[in-house]
1. In terms of the Cα gyration tensor, with a ≥ b ≥ c the square roots of its eigenvalues, is the stretch 321-465 rounded because a/c is under 1.5, prolate because a/b exceeds b/c, or oblate?
2. Trypsin sites (Lys or Arg not before Pro), restricted to the stretch 393-426: which are DSSP loop and have at most 11 other Cβ atoms within 10 Å?
3. Around Q481, with a cut-off of 13 angstrom between Cβ atoms, what is the net charge of the other residues, counting Lys and Arg +1 and Asp and Glu -1?
4. Which shape class, rounded, prolate or oblate, goes with the stretch 119-271 when its Cα gyration tensor gives a ≥ b ≥ c as root eigenvalues, a/c under 1.5 marks rounded, and past that a/b bigger than b/c marks prolate?
5. Multiply the residue separation of A363 and V263 by 0.36 nm, subtract the distance between their alpha-carbon atoms, and state the gained length in nm to one decimal.
6. Specify which labelled value, from (i) 48; (ii) 60; (iii) 42, agrees with percent of Cα pairs over 40 Å apart derived from the coordinates of the model shown.
7. Between S114 and D140, what FRET efficiency comes out of the Förster formula 1/(1 + (r/R0)^6) with R0 = 41 Å and r the beta carbon distance, rounded to 0.05?
8. Just how far, in whole angstrom, is the stretch 1-40 from the stretch 414-490 if you go by their alpha carbon centroids?
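The values are calculated or read from the model by the stated rules, or taken from the named source; none is laboratory data. As the structure is a computational prediction, the values presented were derived from the model and not from experiment. Note: ideal-geometry Cβ built from the backbone for every residue, glycine included; neighbour counts use all protein chains shown. Heavy atoms of the whole protein, side chains included, go into the accessibility calculation; ligands, DNA and RNA do not. Shrake-Rupley method; radii C 1.70, N 1.55, O 1.52, S 1.80 Å.
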Amino acid sequence: MDLRAELLKSIWYAFTALDVEKSGKVSKSQLKVLSHNLYTVLCIPHDPVALEEHFRDDDDGPVSSQGYMPYLNKYILDKVEEGAFVKEDFDELCWTLTAKKNYKPDRNGNSVISHQDAFKLWCLFNFLSEDKYPLVMVPDEVEYLLKKICTAMNVELNSCELEDYLSQEVQGQGGLTVWQFLDMVNSRKFLRGIEQEAISMAVEEVYQEVIEDGYLWKKGQLRRNWSERWFMLKPSALSYYMSEERKEKKGSIALDKHCCVEVLPDRDGKRCMFCVKTSSRTYEMSASDTRQRQEWTLAIQTAIRLQAEGKKSLHKDLKQKRREQREQREQRKAAKEEETQRLKQLQEEKERKLQELELLKEAQRQAEILLQEEEQRRRQQHEEMQRTLEIQLREAEQARASMQAEMVLKEAEAERQRKRILELEEMQERLQEALQQEVKARQDEEAVRYAQARLLAEEEEKLKELMKLKEEQEEYIIKTQREKQVLKQEMENKNKCLEEAQKQLEEVRVNRQRVDQDVMAAQRKLRQASTNVKHWNVQMNRLMHPIGPGDKRTNVSGGVFAGYQPLLSRRDSSLK
């Protein structure tokens, strides 16, 4: 913050104090008086011609701040020279104008701070406030200032209570105004039980620390005597005056990267001594106590460092760093909100896809229901046809040769079942290995499950698989219809075979007596085969429900053996 910005803040308070009607405009006569006083305190030569020319009475009406700024910049601020005037006198002029209108201490004399302390707090507020109008101080800077005042009094600030208070007061304006800040200090909300004198000393200490000035004893170069001087520290120089009014400047110590500060032992009746060494001379000084010496040495060393870095003030540098930290926090907060919004959108997209997935599942269930109904109708037709054939075969009583052929087929089927059981046992071992691999794969999958991009990719892949499954189901339905046509053709062929069987019926009756005994033997063998088939069914049921390490293995096992269940059921039905 340069000198122009500092001056503009104080002038802004003076201008708004003259705006009685709060219309943003001030009468020309009042602006003339204000400009004349600014010329005086800023030690600028008066230019009455320019003043009268700018505020001539050609156009009527008051002047806004935008109308006053060109004159203020051209004839006042552009002519200001740093060090040519007393900044405190300038601030006191603007404070006097604005305090009459806005500062309202307790009329009963119960205010925590005096009028002079209020002025110093007003100066500190201007230093720490944001460079935006109307001027406010953000909560972080309010807490920073109050903590420094409490630290000077060795009192701990209640940060939680301050945060609650600021959250109520700062709504909608981004910070506290100076009048809200002074009212807060006067209300004793955060300074309970502290004497007014202690608060005044703390405000004075913080004011001098931020403004970087104060009294020190200095040893003369020629007469070598000790004199008390008022020192003012800037990054480029350490100036000293006869008194704090700074009317008579006694000298200045130029600071550069070749300067250094050293602590000296007590001597000549002086204590807390230190010196500033330049390339041409050594300046000896004495502070009132050890703490003040430490503050001055640290401040001078910081000023030398800032001078080497091309910066102007320690507190301005710290304020800029705090502002950058606030901006970084706000950026992180905005990025977090943006990330939250993005995650919310992704969640909504995920829910939408889940809804679409549910719709696809519902469509799949409907297709499965239709397929089951079609399968049921086909099975009923098949059973009806089978019953008709059984009636016809019972009437024909099936020749011995057919029974023997059928027994051979059943024995072959039983042999195939035994082989199948062995294959299933081998498959069970392979499935156990596959389950172990799957458990390991699932553990690996858990590590990357929370990657959202992978989840979306998997959902898209599942969606494609569902679409593929739907296409397969449609192909299966078409295939079923084709099988139905083939079955119909087979029925016609079997009807033809039935007619041939009726012709052979007469021949079969002749051989009936002869094959009765063979039929009984075949029935015994058939019962024995049925018993064997039941035994293998029990073995198959045991294999189809293996004991696994968890639910997932059970699901996998069920999924593997589920494909064999219809085949076993059909073979069992044939055996029966």
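1. Oblate is the answer for the stretch 321-465, as a/c is 1.5 or above yet b/c matches or exceeds a/b.
2. Taking the stretch 393-426 and a limit of 11 other Cβ atoms within 10 Å, no loop trypsin sites (Lys or Arg not before Pro) are found.
3. That sum, taken over residues with Cβ under 13 Å, equals +1.
4. It is prolate, given that a/c is not under 1.5 and a/b is the larger ratio.
5. 27.2 nm
6. Given (i) 48; (ii) 60; (iii) 42, the calculated one carries the label (ii).
7. Approximately 0.90, to the nearest 0.05.
8. Here the answer is 84 Å between Cα centres.
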